[in-house]
Structures are given as structure tokens and as C-alpha cells.
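The values are calculated or read from the model by the stated rules, or taken from the named source; none is laboratory data. No experiment lies behind these values; they were computed from the predicted model shown. Every residue, glycine among them, receives a Cβ derived from its backbone with ideal geometry; neighbour counts consider all protein chains shown.
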Amino acid sequence: MIPNKMKAIVIPRAGTTEVREMSVPVPGDGEVLIRLRHCMICTWEQRIFKGEDVALPFVPGHEVSGEVAYIPESTVCDLKVGDPCVVKTFDSCGQCEFCRRGMDNLCKGKKKKRIYDGIPGSGGMAEYIAISSDRIFKLPGRNADLEAAAFSEPLACCLHSMEQAQLSFGEDVVIVGGGIMGQLHVLLAKLSGARVILVEPDERRRGVALSIGAHDVIDPVGEDAEAEILKLTDSRGPHAVIFTVNNLKLAGDYIKILANKGRLVYYGSFHPKNDIPFSPNEIHYSEKVITGSYSPTVKAFWQATQLLGKNLIDVHPLLSEKYDMADAETAFNRALSMETFRVLIHLNGSGD
């Protein structure tokens, strides 16, 4: 039985959250109603909580997991009620050139907007979400770990980044930053058969990276990171660098130590934005590749659900804390702390 009302977390103003009763969204043609169970707090939600990026009030959340609750007769799909799933909440139009070419993460078309009783939002921190069936990814098996599955979206982002890095067996990859995204890259790079070198000033984060698969770690405060990387790579430099930190002062430093034909991936965005200097001749003579990685593709999202659903990757060390909806404000403040990787909010479904 689908209720008429649900609970949703709203950010009404900076630094504040409220749990409000709202109408359960009604799925239209081609859509499915998903009962959300868990949502994690991403850096984007952290910025929203601080009053940045979007107008408030707003219903946040996009790193989610749950199960199929209702499928209208007008929706044709292979899903069944009760199927465990994750949802790609950020829509793409499916019709622009980028979508047609499989680069839906770079979609330039019109996207559907979600409104919850007059309040806009991505909607991951509500008990229900109505979404197109092609944005829903069923998890393998019916006994899926839905807490782990909530990592699908950030893991998918990192999988797309790994595709940009084009790692091969036996290569050396330097991951700059040991936050949640750096740690996910460590897991994936280890699976890729590369030697993984993490650069991170925090001792605890370096320890976590070693425990989940990093081969070497470097403290850029206590050591000369450039010299250590060159020493580890026989003065050649790394075949790939994945830059995951919001630090423009360092963003250009890793171009010069990259091996010839090496790939540098700027994984995250920079706030505030600015430019970095580099020599075009250096790129010309070395054939180094500088690229970015923005959001996940549908392909990467599917890969993430398979890795997590089949227990091919263990993300539990990166799930720092869990909270109920009523404690969402505490959860957001904890997510802002350097002490945490990912903080998860349990979405207590109506009718439990």
C-alpha cells in the first residue's frame, strides 16, 4: 500500500535541516516509484547545507538506494515490485548529441525538474522518488546490501574517472588526496592491476588507504612528494595521476612529473574557480594528456551496481557514520568534518 504522504529532509536555510511531511510523488508514464532506504551526504549536499550552489529551500540527496515500490501499468520495464535498486537521480535528456554518443554525463539538453509540494530538489532525502525506469539500476540478487549500494553514484563517478585515466596492468598511478573519492580510486586502481601511490597529509587517511589496497603512501607535508614519486617510479614519473583535491595551488604541479604519454585526470571541481599556468610546449613534446572527469555515465553506473551488488569491492571501511532522518542536521555537520568519509542517513519508509 503506497501512502499519500511521506517524510522528506528539507534545507530551508543555510546550516539548518527540517523533516517535513510531503506528498508522495505520483509516477507518470515511463516512470517507477522507488521507496528510498538510504542516502549519503556528498560534497554537493554539503555546499547546499552551507547555503551555496542552489536556492533554498531545497530537498537534497542523490547517493541513494532502495527498492521498487510501484510500477504504473503505462510503464514498460523489466523491474518488479520489491527489486533492490539504486537510482541515477541526475537526469539526462537522451536526445542531444552527447547522450546519443554515450556521453550522457555531458548532456546539454533539457532535464526534468523535481518539485516537492512547491519545493525543488534532487529528492534523494525523501522516502519516495518517482523517476524514469531507465534511471533505475536493479542490484544483482534480492539480498543486496542497500547501505553499501548507496555508494553506487560516487563509485560510478570514480569508474568514469578511471576510464579517463586508461590504466593498464603494471602501471604506476598517483592519487592525490585521501578523502572519500581518493579512497574509492584506490580501490578501483588496485582492481585495475596498477601500483597505487597515494599522496595525503592526514596520517589516518594514509592508514586507511594502505588497509584497502594502496601500495605506497606519501605525506606531502613531511616529505618532498615530487622527489618521492620520482624515486618510486625510477625517475620516469607516474603513468597516470588522478587529482581529487580542491587545491588550485597544487593542480599544476603534477603536470611536470607525469611520465611522457601520461594521463592527468582532474577528478573534482575547484571552488573558487581560477586558472593554472602550464607550458603548451611541455604537452607538445611529451604527449601528456590532461583531461577531466565529470559525473558518471550510464555505463559507469551499471558497472558500479555490479561491483557492489556482487561484493566485488568492499566500501564498508568508508562508511563512517549513520543517522536517522530526525538527526539530519547532525549528520550534515559530521559530513563536513575531516574525520568522516561518507555519512549515511536512514530513510525510514512510511508504513514500516
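Just a few scattered comments:
- Contact map, region 125-154: residues that are at pLDDT 95 or above paired with residues that are hydroxyl-bearing (Ser, Thr, Tyr), Cβ distance under 6 Å, separation 6+ or inter-chain. Pairs shown: GLU127/SER350; SER133/THR75; PHE137/THR305; LEU139/THR305; LEU146/SER65; ALA149/SER65; ALA150/SER65; SER152/THR305.
- Region 82-94, residues that are touching an Asp or Glu at 6+ places or on another chain (Cβ under 8 Å) and surrounded by fewer than 16 Cβ atoms within 10 Å (Cβ to Cβ): GLY82, GLY94
- Yes/no for ALA165 being under 20 Å from the mean Cα position of the chain (by Cα), more than 25 Å from GLU339 (Cα to Cα), crowded, with 23+ Cβ neighbours inside 10 Å and touching a residue at least 60 places away in the same chain (Cβ under 8 Å): yes
- For region 218-255, the candidate set comprises residues that are part of a helix (DSSP H, G or I) and among the β-branched types (Val, Ile, Thr); within that set, the residue that is nearest to SER192 (Cα to Cα) is ILE229.
- Flag if CYS77 is farther than 22 Å from LYS110 by Cα and more than 19 Å from the chain's Cα centre (by Cα): yes
- Applying the criterion of at least 1 residues that are surrounded by fewer than 19 Cβ atoms within 10 Å (Cβ to Cβ) to the strands (runs of 3 or more DSSP E) found wholly in region 256-335 leaves 289-292, 319-324.
- Which numbered condition ILE9 fails, given (1) surrounded by fewer than 23 Cβ atoms within 10 Å (Cβ to Cβ); (2) within 25 Å of MET338 (Cβ to Cβ): (1)
- VAL199 being buried (at least 20 other Cβ atoms within 10 Å of the Cβ), free of Cβ contacts under 8 Å to residues at least 40 places away in the same chain and under 23 Å from the mean Cα position of the chain (by Cα): yes
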